[in-house]
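First up is the structure itself, then whatever we jot down about it.
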Amino acid sequence: MKAYLIIVVLFAFLPIPSYAEPVEVSVSAYVLNIGKFEVGTGSYTIDFYLDFKCNQMCNPEKFEFSNGRATSIDKLIDTPTEKFYRIQASLSQNIDLKRYPFDSHSLTIEVEDKENTIEKIVYVSESENSGIDPSVIIVGWEIDGWNSTVTEHYYAPYDETYSRYIFSIYINRVPLTSAIKSFLPVFFMVFVALLSLLLKADKVTTRLTLNISTLLAAVMFHVNLTSSIPPVGYLTFADKFMISTYMILISVLFSGILLMRHTESKDEVKTEKIYKTALFTIPVATVILYTIIFILL
């Protein structure tokens, strides 16, 4: 009997474990305006509504943006179970330019609580009240939809996990405009170079002049094409396209040099062979090379 009483007393003084469930906070975002998107830095500004709705009394006001800073926050609704804000924020995103100038990007709003881990607050994405206003435009880009998700972000140094709400806006360049501005001039350069293959051996000097001019023009165009993006550690689609163009133009130039060499040595057999070979193989190789480049896009 004494042993039983001792056990009861010990249990009375033991701490009672807490089984309280974390507060569920439904989060929604409605975008009103998107400022200029800087490809070079991956930065952009967004004006939007942000709404927090709790399943019980809560205080989700201590939030922050994981990918930037808020420049202004106006609270429009303040009740025990709902906090509604209009926010202007300067945000940024890591930019992948491998498909430039046919690249597409995801501009995100990433919200996370400053203090409360997933044991206390869990975000839930509310798509019903989220979206992008129809008047929103980004100059030079097409808006290709949006999505909202909730993930868990783990901070290893602190051994803490936080709930993160992510609202994503998908944008891409206008394909037709990108093609015309970026590649139409190059196609004309290559067309002129291929036309020079029709010039006979007695016009080889004119042919070489055209080839050198188109090669230099291609180099200058490549520099101008990539000047609007930051230096990256990989080849973009534009780089691969221009490298292919260099290979074509150099092939045409090299055939002209060989043609001149054998013309000066009066070797008519080799001169005619080089002329016919270049006239057939280089245009075919051009079509095959560009086809492969665009298929791998």
- Query: Is it the case that ILE229 is outside any loop (DSSP other than H, G, I, E, B) and among the β-branched types (Val, Ile, Thr)?
  - Reply: no
- Item | Given (1) outside the structural domain of THR236 (by TED's automatic domain parsing); (2) surrounded by 16 or more Cβ atoms within 10 Å (Cβ to Cβ), number of the condition SER135 does not satisfy | (2)
- Task: Could you grab the pairs with beta carbons closer than 9 Å, sequence gap of 6+ or different chains, first residue in the stretch 51-67 and assigned by TED's automatic domain parsing to the domain that holds ILE166, second one in a loop (DSSP other than H, G, I, E, B) and small (Gly, Ala, Ser)?
- Result: ASP51/SER130
- Query: Is it the case that LYS266 is surrounded by 14 or more Cβ atoms within 10 Å (Cβ to Cβ), free of Cβ contacts under 8 Å to residues at least 12 places away in the same chain, over 28 Å from ALA179 (Cβ atoms) and not assigned by TED's automatic domain parsing to the domain that holds PHE102?
  - Reply: no
- The one condition in (1) closer than 30 Å to GLY140 by Cβ; (2) surrounded by 15 or more Cβ atoms within 10 Å (Cβ to Cβ) that LYS36 fails to fulfil: (2)
- Task: Might you let me know whether the stretch 184-201 holds any residue that is modelled with pLDDT under 90 and charged (D, E, K, R)?
- Result: yes
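From the list ASP78, ASP96, pick out the single residue that is at pLDDT below 95 and either outside any strand (DSSP E or B) or more than 17 Å from ASP51 (Cβ to Cβ) (or both).
ASP96
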- Message: Looking at the stretch 248-260, can you tell me whether even one residue there is surrounded by 13 or more Cβ atoms within 10 Å (Cβ to Cβ), under 22 Å from PHE102 (Cβ atoms), free of Cβ contacts under 8 Å to residues at least 60 places away in the same chain and not polar (S, T, N, Q)?
- Response: yes
- Task: Restricting attention to the stretch 146-157, report how many residues are small (Gly, Ala, Ser) and closer than 24 Å to VAL25 by Cα.
- Result: 1
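Test of understanding: among PHE167, PHE102, which residue is assigned to a loop (DSSP other than H, G, I, E, B), over 30 Å from GLU268 (Cβ atoms), touching a strand residue (DSSP E or B) at 6+ places or on another chain (Cβ under 7 Å) and assigned by TED's automatic domain parsing to the domain that holds LEU50?
None of the other options fit; the residue is PHE102.
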- Query: Listed residues ASN129, ASN116; which is out of contact with any Asp or Glu (no Cβ under 9 Å at 6 or more places or on another chain), assigned by TED's automatic domain parsing to the domain that holds GLY40 and farther than 15 Å from PHE65 by Cβ?
  - Reply: ASN116
- Quick count over the stretch 201-244, residues being within 30 Å of VAL39 (Cα to Cα) and crowded, with 16+ Cβ neighbours inside 10 Å, is 16
- Message: So THR161 passes all but one of these: (1) surrounded by fewer than 19 Cβ atoms within 10 Å (Cβ to Cβ); (2) part of a helix (DSSP H, G or I); (3) in contact with a Phe, Trp or Tyr (Cβ under 6 Å, 6 or more places away or on another chain). Which condition number does it fail?
- Response: (2)
- Take the stretch 96-125 and flag every residue that is within 19 Å of ILE138 (Cα to Cα) and free of Cβ contacts under 8 Å to residues at least 60 places away in the same chain. ASP96
- Residue identified as part of a strand (DSSP E or B) and either surrounded by fewer than 19 Cβ atoms within 10 Å (Cβ to Cβ) or at pLDDT below 95 (or both) among ILE46, ILE87, ILE73: ILE73
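The values are calculated or read from the model by the stated rules, or taken from the named source; none is laboratory data. This structure is a prediction, so every number in the text was calculated from the model and none was measured. Note that each Cβ is placed from the backbone with ideal geometry, even for glycine, and that neighbours are counted across all protein chains shown.
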